[in-house]
Protein chains: 2
Amino acid sequence: MKPIKTEDINETLDPQDWEQTRKLMHQMVDDAVNFTITLRDRKIWQSMPEEVLKSFRTKVPQEPEDGNVVYQDYKDMVMPYAMGNVHPRFWVWYMGSGLMSGAIGDFLASILNPNLGGGNHSGHKVEEQVIDWIKEMVHFPESSSGLLVSGGSMANFTALAIARNVKAGYDIRNEGITPEMANKMVVYGSTEVHSCNQKALELLGMGTRSLVKIPVNKDFTINIEALKVQIVRDKASGLHPICVIGTPGTVNTGAIDDLNALADICKAENLWFHVDGAIGAIAMISNMVKPLLAGIERADSVALDLHKWMHMPFEAGCVLVKHREAHKKTFSLIPEYLAKNTRGLASGEDWFSEYGLQLSRRFRALKVWMSLKEHGVKRFGRMIDKNIVQAHYLGQLIDENDVLELVAPIGLDIVCFRYNPGGKSLEALNALNKEIKLQLEERAIAMPGYTTLDGVYCIRIAISNHRTTNADIDDLVYHVIAIGQELES
Amino acid sequence: MKPIKTEDINETLDPQDWEQTRKLMHQMVDDAVNFTITLRDRKIWQSMPEEVLKSFRTKVPQEPEDGNVVYQDYKDMVMPYAMGNVHPRFWVWYMGSGLMSGAIGDFLASILNPNLGGGNHSGHKVEEQVIDWIKEMVHFPESSSGLLVSGGSMANFTALAIARNVKAGYDIRNEGITPEMANKMVVYGSTEVHSCNQKALELLGMGTRSLVKIPVNKDFTINIEALKVQIVRDKASGLHPICVIGTPGTVNTGAIDDLNALADICKAENLWFHVDGAIGAIAMISNMVKPLLAGIERADSVALDLHKWMHMPFEAGCVLVKHREAHKKTFSLIPEYLAKNTRGLASGEDWFSEYGLQLSRRFRALKVWMSLKEHGVKRFGRMIDKNIVQAHYLGQLIDENDVLELVAPIGLDIVCFRYNPGGKSLEALNALNKEIKLQLEERAIAMPGYTTLDGVYCIRIAISNHRTTNADIDDLVYHVIAIGQELES
């Protein structure tokens, strides 16, 4: 290739006019602060008009555009039509509300822009410290290994990969799944286990069928006796059980599996004990929840999410593993161009890329580091307590209202209920509650979630929101009943 | 559980004093702008003193701390000891330099904080548009599917998972690797193929052994004839070839495989053609490189990185797949609590979580969207051209200096060379060049990379840096020679 002379060798991607950019960024800060202060007064969600949708169908821009114009595009087309999960009345799915110290951390991380794949630099030490702090928070030993990852899906995938490699009993990393082991390995979780664990096992080559789902009790926790029976049956039929997944805080109803009982089984049967604590594990910092999580410290690995009940901006998940060597042995791969030095930038014993799928990694530790310093772990714990109190306050309002009923026991901060004025078929009630849910959303009153439990459609309120007040809960109940009555009349 | 009354139900994680926070954020903006303007005057890298290291060993903070104090901690302990890859003279490994419009996008993404797992909101449309733009940039058809991911490792993993599931010839997602298929599937790449592809196959259950490495030509491109022979041999011995990985821009030397020849083989042998374009694919927007990438449009899937030669802040990778249905069939999994609606937030045909491992996903599209609008794709193309011109300028200086020699042909913007005054053994030269490399780093002159090619240690300059000038290259050459002479005397 003959390099041709470029038009302007001194051109860079830095702003052409620094003072204009500086001014614009100050405007963004004021807008961001005002946006967050006035969240409650904004529409929680609104659908995009056709002209906005149309703007997202234009071709890739060829020539530069003024930064102010780009920002105006953002303000016109993106900001007003966001998901709404920063709003005090967002209770859909299970996600956090974000926080300013986290956004600040993300901004600084992108300005500094280190690669957390490895190396001897401050970002690496910050991530090590954040992982140490998380171990401390969930009572995992200092000797454990850990990694910040994109979220619960990747945390569970990482842990299950290690479990597979450790429990296969041969060098499966090198050999792959052999004819002898094919279709033999099985993993246990309850019927309420999160779907990402199934996806992980499919990707790991074990297939959907390798996830054996154990029935739940009435409170949606795993049936311990059924699990014991299943393991015996599977071993007898020549299968090779490798792992049990315990869930402290299921996504549907917040049910907490009996972790000590699962740890006992894993010990007796020599299985890897993995805890999918995406929702609940971090609640170890809540005085209210901590006793319910007894046994988590006995797990071989824990997956957890900091962008849920710790409200970090996406993405911030974490996996902790009690067997550092096994963890590293599953992922470490050092080609020539990554060979380490004993001095300089490319030194350091443990690189984070040796503990996970990713090689290049964002400095996601910074937002966690800054937020834990600014708020302190006790305040985060109180935020969890508050959400639980609010869930039970909602439960009380449901009890007091004849036309409302709980569909499942309140688990953590998750309330599943429905409007039921009596005298209606299951189908009619399902349709009615679905419509109530949609109208709450379309009238921008609140964003409730939904799920189906044993065929019953329910409005599902997951209050992992540090901005929610009791008045928000009052309003929710008022409007559910009002819309219900309106739809019936 | 009996919820206990919390101390202060109105406490949130929002700042206690908004005006103080606003003021602090304005300070951060000024600092970030000044930091970026003065990058060249700062030490590119320095090791952390013991007192800084010690500060990273403290326990998790229990109580709140003033935001100003936290920011000061960042300025004292984190900022000065960063990786340095935003500096004009950083040429290690292969990563981008970051850019202000990207940091702005990351900040706004964290303020708005939507979850890009799915749903009907603006973030989803922005990501769709960004993926459409990337298709346009690399000449992939509009009907292709795509996903923004953490980086090249995940992009390759995603593509190889689809290739495995499509080419296995049975429902491997459900069945897993069966005894009949175990140890049969093989994937081809050159000996220069990136290590993350090996990691991906190990995780996918196929083992290290499933990656068959084909020898390279003198220019480090894959030997096409050797590949053909190997496929014939493998088929004859009962193996089940599924995929060929082509690399346009190897990480060691920037070598570009003959993509059209690989596409021909894949067509003839009915194999999935995957292009690991982490380094090179985005160079389709460079007039200089585009002709060398002919055939990329024939791939079944392409992995690429926007945090490399597009300089987006970490993380920003992308995978494009020509077979939307196969892509979705590999990853889509819709449990009850994610069931879609026809109206409201939870509507929409395609959710991004149906196209990858992650369920919760950061709004990483925003920084790409804002940056492409602000700079236009032509400027990004010129930045690539500039780096190639600079690589050849360095090559010219190496040619002109008797004590320097190229160790490999210049590939894209990657130059592998060494200091060789003559009369020294291979071992002595390796040790000498390693020391030169470390001293460049420790004296904060520049950050070069390094690799070993056929036993030869080389200083490896990967100029994926939009801030590098020709004067930086001059200085590099001057100091390599000066340090070399100093070490010899």
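Just a few scattered comments:
- Using C-alpha pairs below 8 Å separated by at least 6 residues, the relative contact order for region B:178-226 is 41 percent.
- Chain lengthening between B:Glu19 and B:Asn217 when straightened (0.36 nm per residue, less Cα-Cα): 64.9 nm
- Per residue, in Å², the accessible surface of region B:400-489 once ligands and nucleic acids are set aside, probe 1.4 Å: 35
- Environment charge at B:Asn156 (Cβ cut-off 11 Å; Lys +1, Arg +1, Asp -1, Glu -1): -1
- Global geometry of chain B, whether rounded, prolate or oblate, following the gyration tensor of its Cα atoms and the 1.5 cut on a/c: oblate
- Remark: the Cα gyration tensor places region A:219-377 in the oblate category, a/c being 1.5 or greater and a/b not exceeding b/c.
- Normalised by the number of residues in region B:90-186, the average gap of Cα pairs under 8 Å and 6 or more apart makes the relative contact order 10 percent.
- Beta bridges assigned by DSSP with both partners in region B:240-359 are antiparallel in approximately 45 percent of cases.
- Our summary gives region A:224-344 a relative contact order of 18 percent, counting only alpha carbon pairs under 8 angstrom and 6 or more residues apart.
- Ascending list, in nanometres, of distances separating the A:Asn260 label from those of the other copies (7 Å, Cα toward Cβ): 7.1
- Length added when fully stretched, A:Asn10-A:Lys43, from 0.36 nm per residue minus Cα-Cα: 7.3 nm
- Label-zone membership for region A:220-254, site B:Ala339, 7 angstrom Cα→C-beta point, backbone N under 15 Å: A:252-253
- Members of A:Lys340/B:Lys213; B:Lys167/B:Lys267; B:Lys125/B:Lys367; B:Lys135/B:Lys228 lying beyond 18 Å, as alpha-carbon distances in this model show: A:Lys340/B:Lys213; B:Lys135/B:Lys228
- Residue and distance for the chain B Cβ closest to the axis that moves B onto A, in whole Å, come to B:Gly205, 1.
- Computed with a 1.4 Å probe over protein heavy atoms only, the accessible area of A:Lys75 comes to about 60 Å².
- Under the convention that each Lys and Arg Cβ holds +1 and each Asp and Glu Cβ holds -1, the size of the dipole of the protein assembly as shown around its Cα centre is about 1580 debye.
- The residue list A:Leu476, A:Gly295, A:Gly449 was ranked by how far each Cα lies along the charge dipole of chain A toward its positive end, using unit charges on Cβ atoms, and A:Gly295 comes out on top.
- If you take all other residues with their beta carbon under 9 Å from the beta carbon of A:Glu127, and give Lys and Arg +1 and Asp and Glu -1, the sum is +2.
- Judged by a Cβ-Cβ distance under 4.7 Å, the unpaired cysteines of the protein assembly as shown are A:Cys196, A:Cys243, A:Cys266, A:Cys318, B:Cys196, B:Cys243, B:Cys266, B:Cys318.
- Other-chain or far-sequence residues with amide H under 5 Å of A:Met181's (modelled H): none
- Cβ-Cβ FRET estimate between B:Ser425 and B:Val52, R0 fixed at 41 Å, reported to 0.05: 0.55
- Residues in region A:161-283 average 31 Å² of solvent-accessible surface per residue, probe 1.4 Å, ligands and nucleic acids excluded.
- Test item: Cα-centred dipole of region A:163-287, Lys/Arg +1 and Asp/Glu -1 on Cβ, debye: 220
- Between identical copies, the spacing of B:His139 label points, each set 7 Å from Cα toward the C-beta atom, reads 6.1 nm from nearest to farthest.
- A simple spin-label model places pseudo-atoms 7 Å from Cα toward Cβ; at B:Glu442 and A:Glu225 they are separated by 6.9 nm.
- Mean per-residue shielding of peptide B:353-359 is 6, counting Cβ atoms of other chains within 10 Å of each Cβ.
- Taking a point 7 Å out from the Cα of A:Ser489 in the direction of its Cβ, none of the residues of region A:389-431 has a backbone N less than 15 Å from it.
- Global geometry of region A:404-489, whether rounded, prolate or oblate, following the gyration tensor of its Cα atoms and the 1.5 cut on a/c: oblate
- Solvent-accessible area lost on pairing B with A (1.4 Å probe, both sides summed) amounts to about 17200 Å².
- Region B:330-407: translational diffusion in µm²/s, Stokes-Einstein, Kirkwood Rh over Cα pairs, 37 °C, 0.692 mPa s: 187
- Accessible area ranking (1.4 Å probe, heavy atoms, ligands and nucleic acids excluded), largest first, for A:His139, A:His375: A:His139, A:His375.
- Annotation for B:Thr208 and B:His26: the two label points, set 7 Å from Cα along the Cα-Cβ direction, are 5.8 nm apart.
- Lysine pair number, Cα distance threshold 29 Å (strictly under), region B:370-489, separation 8 or more or different chains: 6
- Local net charge near B:Asp264, Cβ-Cβ under 13 Å (Lys/Arg +1, Asp/Glu -1): -1
- In sequence order, region B:401-417 has phi-based couplings of 10, 4, 8, 10, 8, 6, 9, 9, x, 5, x, 6, 10, 10, 10, 10, 9 Hz under the Karplus curve 6.51 cos²θ - 1.76 cosθ + 1.60, θ = phi - 60°, and Gly or Pro positions carry x.
- In Å², nearest 10: area of A:Val69 left accessible to a 1.4 Å probe: 60
- Here A:Glu435 sits with roughly 50 square angstrom of accessible surface, probe radius 1.4 Å.
- Label geometry 7 Å along the beta-carbon vector: B:Lys75 inter-copy distances in nm: 2.9
The values are calculated or read from the model by the stated rules, or taken from the named source; none is laboratory data. The shown structure was predicted, so the numbers you read here are calculated from the model rather than taken from an experiment. Reconstructed Cβ throughout: ideal geometry from the backbone, glycine too, with neighbour counts over all protein chains shown. Accessible surface is based on the protein model in full, side chains and every heavy atom, while ligands, DNA and RNA are left aside. Shrake-Rupley method; radii C 1.70, N 1.55, O 1.52, S 1.80 Å.
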